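Down below is the structure, laid out as structure tokens.
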Amino acid sequence: MLKKIIASVLLLSLITIAIVQAMDNDPNNHEKEDSLGGLKIGAKAPNFSLKTLDGKQVELADYRGKKVMLNFWATWCPPCKKEMPDMEKYAQQAGDDVVVLAVNIDPENDVQAFVKENGITFTIPLDSNSAKNPVNERYKVLSIPTTYFIDKQGKITNKVLTAMQLKDMERNINSMQ
């Protein structure tokens, strides 16, 4: 009888392990983290809807068919401030098939003054930790700046967990089909 109980427990344990491993390898489980934190490369980018500085509503799905550089930043972040001029240069030269979305995660600060002072013209959606389900949490942003590169089909092709230079932005966008 004891052997049957041990065999049953062992069998149940093996089945549980198999189920957990199958779930980890599920290609439909898009919001899995990778070892660096954040969403996995190759995952479908979660859709979101946020208001911009000028009060318009933007949704990631609106940009399907375009390449998207999705950046998360804050006004108080020195590396974020450092990459903004290159992001502006890139946005100006990118062309119609590329969109730069720089999601601000500290809208309680004076984002408008920051944007004006730095001559930023690309779209700035406003996210907040006080929201019910902030976008930066859905994207599992652990450090800023964090930038996701999303292809025309809505898949994450790369992510960068630090400030970038213009050449990094160009290389990441150009590597997409």
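The values are calculated or read from the model by the stated rules, or taken from the named source; none is laboratory data. What you are looking at is a predicted structure, and each value in this text was computed from that prediction instead of being measured. Heads up: the accessible areas ignore ligands, DNA and RNA and are worked out on the full protein's heavy atoms, side chains in. Shrake-Rupley method; radii C 1.70, N 1.55, O 1.52, S 1.80 Å.
Multiply the residue gap between Lys167 and Glu108 by 0.36 nm, knock off their C-alpha separation, and tell me the result in nm, one decimal place.
Going from the current span to full extension adds 18.1 nm.
How much length is gained on full extension from Ser143 to Lys40, taking 0.36 nm per residue of separation minus their Cα-Cα distance?
35.5 nm
P(r) for region 101-153: what percent of alpha-carbon pairs falls in each 10 Å bin, starting at zero?
Calculated P(r), rounded to whole percents: 20, 52, 26, 2.
For each pair in Lys67/Lys89; Lys66/Lys89; Lys116/Lys152; Lys56/Lys167; Lys89/Lys152, compute the distance between the two Cα atoms and list the pairs where it is over 28 Å.
The pairs that break the limit, which is 28 Å between Cα atoms, are Lys116/Lys152; Lys56/Lys167.
Could you calculate, for region 130-173, the ratio of the Cα radius of gyration to the Kirkwood radius, expressed as Rg to Rh?
1.02
Mind checking the per residue accessible area of region 75-133 for me, 1.4 Å probe, whole number of Å²?
Accessible area per residue, region 75-133: 54 Å².
Of the heavy-atom accessible surface of region 59-165 (probe 1.4 angstrom), what whole percent is carbon and sulfur?
The computed percentage sits at 47.
Express in whole angstrom the spacing between the alpha-carbon centres of region 145-170 and region 57-88.
For region 145-170 versus region 57-88, the Cα centre distance is 9 Å.
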